[in-house]
Amino acid sequence: MKRIEDLNYKIALMFGEIANRYDLLNHLLSFGVDFYWRKELVKAVVFKKTFTILDLATGTFDVCKELYKHYPYAKVIGIDLSLKMMLAGKGKIVDKPFLPVCGDARAIPLKDESVDGVTIAFGIRNVYPREEAYKEILRVLIKGGFFYVLEFGSVKRPILGGIYNFYLSYLLPKIASILSKKEAYNYLAKSISEFPTSEEFKEELLRAGFKNAYYKPLSFGIVYLYIAQKS
Ligand SMILES: C[S@@+](CC[C@H](N)C(=O)[O-])C[C@H]1O[C@@H](n2cnc3c(N)ncnc32)[C@H](O)[C@@H]1O
């Protein structure tokens, strides 16, 4: 019962409801730029010791697929709270040592210091409280391992002269209500507006215990790539 009351599970259930249309809408509503964003995330990955990488809030496995494209010999583990999202991505990765796991970023079912790197694309915004996930990420990362985050930028300032802000708050939920569940895309706009600015998020990572945190804006700051390291 407690699980149902947990905001994370409510969010995962919401993703489950849009799972079958998630990929299509993602590509359509981002005009295909989401492929570029994930590619930038994956290009940044470095392996140090284990050649194992964990993708959290993996959804329909787009990051995992991109990881295998760039690092064919890596071992990729994808974790998501929504089984429906993962089932919607079924068949994307074949003939690879891929391990999809239905689980919570706040309770990662992996041994201490067992992965070289942790990626999360458009997922950290959905985890409450994020600090619980940071603790787990720091636990499973090897010493010196990296945490890579792809997330929408703050909309507290106008992007592209305010066109993007208008698109996100008004147009996107309207288009999405025709093609999918309106609530999910209202939630998207709301969660982006509540997310910290890039500087605040960098500070949050440092406070959580990561070092060498930095960020890079992509597509005029619509999205940011953050990289931070375990000591
Ligand atoms: C916007 S989708 C991102 C999916 C994928 N990473 C991508 O790039 O398209 C967010 C995902 O986070 C998952 N999620 C939310 N809270 C989670 C948690 N606490 N642990 C693991 N996954 C979670 C949702 O089920 C959903 O699949």
The residue from S191, S177 that alone is open to solvent by 30 Å² or more (accessible area, probe 1.4 Å) and either in contact (Cβ under 8 Å) with a residue 24 or more places away in the chain or away from the ligand (no atom under 16 Å from the Cβ) (or both) is S177
Taking K111 as meeting all but one of (1) under 30 Å from F220 (Cβ atoms); (2) more than 9 Å from the ligand (Cβ to nearest atom), write down the number of the exception. (1)
Just checking, does region 10-23 include any residue being open to solvent by 40 Å² or more (accessible area, probe 1.4 Å) and among the acidic types (D, E)? yes
Looking at L41, L29, which one is touching a strand residue (DSSP E or B) at 6+ places or on another chain (Cβ under 6 Å) and within 14 Å of the ligand (Cβ to nearest atom)? L41
The residue that is farthest from I11 (Cα to Cα), considering only those in region 57-91 that are surrounded by 15 or more Cβ atoms within 10 Å (Cβ to Cβ) and of a type in the set (D, E, K, R), is K75
Candidates E151, E199, filtered to the one that is at pLDDT 95 or above and crowded, with 17+ Cβ neighbours inside 10 Å: E151
G145 under 21 Å from the mean Cα position of the chain (by Cα) and more than 16 Å from the ligand (Cβ to nearest atom): yes
If R125 passes every condition in (1) touching a residue at least 60 places away in the same chain (Cβ under 8 Å); (2) open to solvent by 20 Å² or more (accessible area, probe 1.4 Å); (3) basic (K, R); (4) within 13 Å of the ligand (Cβ to nearest atom) but one, which one does it miss? (2)
Anything in region 24-56 that is in contact with an Asp or Glu (Cβ under 8 Å, 6 or more places away or on another chain), among the hydroxyl-bearing types (S, T, Y) and open to solvent by less than 40 Å² (accessible area, probe 1.4 Å)? List them, or say none. T52
Assess whether K92 counts as being within 12 Å of the ligand (Cβ to nearest atom) and farther than 27 Å from P217 by Cβ. yes
Among residues of region 60-95, those that are of a type in the set (S, T, N, Q) and under 16 Å from T119 (Cβ atoms), counted: 1
Any idea which of (1) on the phi > 0 side of the Ramachandran plot; (2) touching a helix residue (DSSP H, G or I) at 6+ places or on another chain (Cβ under 8 Å) is the one K10 doesn't satisfy? (1)
Within region 172-205, work out how many residues are touching an Asp or Glu at 6+ places or on another chain (Cβ under 8 Å) and either in a loop (DSSP other than H, G, I, E, B) or more than 21 Å from Q229 (Cα to Cα) (or both). 4
Would you confirm, using the coordinates I've provided, whether R157 is open to solvent by 80 Å² or more (accessible area, probe 1.4 Å) and not polar (S, T, N, Q)? yes
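The values are calculated or read from the model by the stated rules, or taken from the named source; none is laboratory data. None of these values were measured; they are calculated from a predicted model. FYI the Cβ positions are ideal-geometry reconstructions off the backbone, even for glycines, and counts take in every protein chain you see. All accessible areas refer to the heavy atoms of the entire protein, side chains included, with ligands and DNA or RNA removed. Shrake-Rupley method; radii C 1.70, N 1.55, O 1.52, S 1.80 Å.
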